[in-house]
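To start, the structure under review is shown below, and the notes come after it.
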Amino acid sequence: MTVLLTQNLGANDAATPAAAATHRPIEGSVHSWDLSTGVDGPGSRFVTFLSGCPLTCLYCHNPDTWRMRDGKRTPVGAIVAEAAKYTRFIEAAGGGATISGGEPLLQPVFAGELLHRLKHELGLHTALDTSGFLGVRATDALLRDVDLVLLDIKSWDRATYRKVTGRPLQPTLDFARRLADRGQDVWVRFVLVPGLTDDPGNIEGVAAFAASLGNVSRVDVLPFHKLGEAKWQALGTPFALHDTPAPTAEEVGRAKAVFASHGLTAV
Ligand code: SF4
């Protein structure tokens, strides 16, 4: 996670359709941006972390993104201008731009405008990293500007999903079906947490559902880690998984095998 950089408003902010309609640049609450490779979509990517999330995942490693008011009001053009500095590098690395968070769909107008400009002004491959809980806020127009959805399905068992996230599972499943109906490319992401999400029936449920969609080109089985625990402490919030171990390589391998047994590519 990087520190949010202060940028000036791009001169062409008012030239975009949504901005022109409102006669002012579209701003959003942004935590930071960063370059990453291998974890936020294909290739090297310019990742924008938006502030605000309606979930409270027990293993969240970015709890400092939870509150929208903690982000910095930032115009879309400032982020596009920053991403433009790396376009040649990103394209050479087969990458693109990813909108993450927090939950990007908490700010759907801002996220939509940003995706549109990253895709059409800079010509970048675009990815949306989301829990799907607010999938109803993603308009078809927004989704047309998304080349890949990174969709977190944090549990199949509904009680476990609520325990992990504090929210119900159904909106995520509904969004997944909508993406499937659209034929939209999806990578499913599943965090393997010993004693929480690793029940064989739970993994089997996520795998069977993902396979039934027909548009899931990859599954990331992400081993639980505690790299974000210091952030919880800094926020004065108890980290409930302090005593939970990371899964072993064998446990991660077994989970991937379940997804593979359904014909999915699990990494
Ligand atoms: S959805 Fe992501 S940002 Fe939000 S609480 Fe869960 S892990 Fe954290």
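FYI, it's all coordinate maths here, none of it is from the lab. What you see is a predicted model; the values in this text were computed from it and never measured. Backbone-built Cβ (ideal geometry, glycine too); neighbour counts: all protein chains shown.
Data overview
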{"read-out": "Vicinal HN-Hα couplings computed from phi for the range 90-95 (Karplus, 6.51 cos²θ - 1.76 cosθ + 1.60; Hz; Gly/Pro x)", "value": "4, 5, 5, 9, x, x"}
{"read-out": "Entries in K163/K231; K163/K226; K72/K163; K154/K256; K85/K226; K119/K154 that, when Cα-Cα distance is taken, lie over 22 Å", "value": "K72/K163; K85/K226; K119/K154"}
{"read-out": "Sorted largest first, extent of the chain alpha carbons per principal axis (Å)", "value": "53, 43, 33"}
{"read-out": "Helix-only CD estimate at 222 nm, as mean residue ellipticity for the chain, using -39500 (n - 2.57) per DSSP H run (n ≥ 4)", "value": "-10000 deg cm²/dmol"}
{"read-out": "In Hz, Karplus ³J(HN,Hα) per residue of the range 64-72 (6.51, -1.76, 1.60; θ = phi - 60°; x = Gly, Pro)", "value": "6, 9, 5, 9, 4, 5, 7, x, 9"}
{"read-out": "Global form of the range 128-267, assessed from the alpha-carbon gyration tensor, a/c cut-off 1.5", "value": "oblate"}
{"read-out": "Other-chain or far-sequence residues with amide H under 5 Å of G28's (modelled H)", "value": "T74, V76"}
{"read-out": "Order by protection proxy (mean Cβ within 10 Å, highest first), peptides 39-50, 241-252", "value": "39-50, 241-252"}
{"read-out": "Kirkwood estimate for the range 18-94, i.e. one over the average of 1/r between Cα atoms, Å", "value": "14.1 Å"}
{"read-out": "Length gained when the stretch S261-D243 is fully extended (0.36 nm per residue, less Cα-Cα span)", "value": "3.3 nm"}
{"read-out": "Neighbour-count order for I79, I203, fewest beta carbons within 10 angstrom listed first", "value": "I203, I79"}
{"read-out": "Modelled FRET efficiency - R0 25 Å, A141 with R67, Cβ distances, 0.05 increments", "value": "0.35"}
{"read-out": "Distance from the range 206-261 to the range 50-108 (C-alpha centre basis), Å", "value": "21 Å"}
{"read-out": "With 5 Å bins from 0: P(r) over the range 63-209, alpha-carbon pairs, percent", "value": "2, 9, 17, 20, 18, 15, 10, 6, 2, 0"}
{"read-out": "Sorted by Cβ neighbour density within 10 Å, fewest at the top, the residues D70, D129", "value": "D70, D129"}
{"read-out": "Least to most buried among T87, T197 (fewest other Cβ within 10 Å first)", "value": "T87, T197"}
{"read-out": "Cβ-derived FRET efficiency at R0 35 Å, D185 paired with E251, nearest 0.05", "value": "0.80"}
{"read-out": "Residue among W66, W187, W232 with the largest mean-square fluctuation in a Gaussian network model of the chain, springs linking Cα atoms under 10 Å", "value": "W232"}
{"read-out": "Using a Förster distance of 45 Å, the FRET efficiency for R158-R88 (Cβ separation, nearest 0.05)", "value": "0.45"}
